[in-house]
Amino acid sequence: MKRPPSPRSFNRPQRDLPEDPNGWELVLAGDLTEKQNELTEALVEVAPKSRGTIYIDSNGGSAFVGVSLASLIRLRALDATAVVLGECSSAALLPFAACRKRFVLPQSTLYFHPVHWSSEEDVVLEEAAEWARHFAVLEGDLDRLLSEMFPLDLATITKWTRPGRFFTGKEIAEAGIARLIDLHSGDLESQIERYEATDEPA
């Protein structure tokens, strides 16, 4: 008897990713929590250790989703280039930091802040206390993770996230954790090639 196919988490046809010398392209946009299944599956569909570009325009979402996406990028050894088209805030900073190369536009906006948490309205006091304890631990863990992936001094990350700080793309480039591109200097690939030719640090 033939075994039925395994159920999929959502209905989306399997994509035939082209074998492009410039690699695959994915878009990480909107709320990460709402698109968790789609984004997770998209990162699993590409070949391990393959090259690709992740375009980001996201206000964040669940910290757990951000950790999951960053983990897939690192554990699958993806040679990923992140490009912030508009916004990269909150949990979206985690997959951004996980990418091997990072690029921002002068108009890009990046927002660092402490982990936010919430639960159901009928949560009991003891459960709320445990959530608060857990998220206090998680805050420190995520700060250390960002510090290691960028890399940046932990004290700098902590200063940025408490109480929170907005950065322009230019400021992020000046901090040394991304390179600055613009809309007037050619396509993305040519701008990346010029950086590589001059061997400028990320």
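Laid out as a table, the results:
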| item | result |
| --- | --- |
| Checking ARG15 against (1) in a loop (DSSP other than H, G, I, E, B); (2) at pLDDT below 95; (3) closer than 22 Å to ARG102 by Cα, the condition it does not meet | (3) |
| Scope region 172-187; condition surrounded by fewer than 16 Cβ atoms within 10 Å (Cβ to Cβ) and either aliphatic (A, V, I, L, M) or part of a helix (DSSP H, G or I) (or both); matching residues | GLU174, ALA175, LEU183 |
| Any hit, region 111-133, residues being crowded, with 18+ Cβ neighbours inside 10 Å, at pLDDT 95 or above and closer than 15 Å to GLY60 by Cα | yes |
| Total residues in region 150-171, condition assigned to a loop (DSSP other than H, G, I, E, B) and of a type outside the set (A, V, I, L, M) | 6 |
| Among the residues listed as THR33, THR40, the single one being surrounded by 10 or more Cβ atoms within 10 Å (Cβ to Cβ), modelled with pLDDT under 95 and not small (Gly, Ala, Ser) | THR33 |
| Listing of strands (runs of 3 or more DSSP E) fully contained in region 30-118 that carry 2 or more residues being among the hydrophobic types (A, V, I, L, M, F, W, C), under 15 Å from MET149 (Cα atoms) and out of contact with any His (no Cβ under 8 Å at 6 or more places or on another chain) | 79-89 |
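The values are calculated or read from the model by the stated rules, or taken from the named source; none is laboratory data. If you're wondering where the values come from, they're calculated on a predicted model, not measured in any experiment. Quick reminder, even Gly has a Cβ in these numbers, built from the backbone with ideal geometry, and neighbours come from all protein chains shown.
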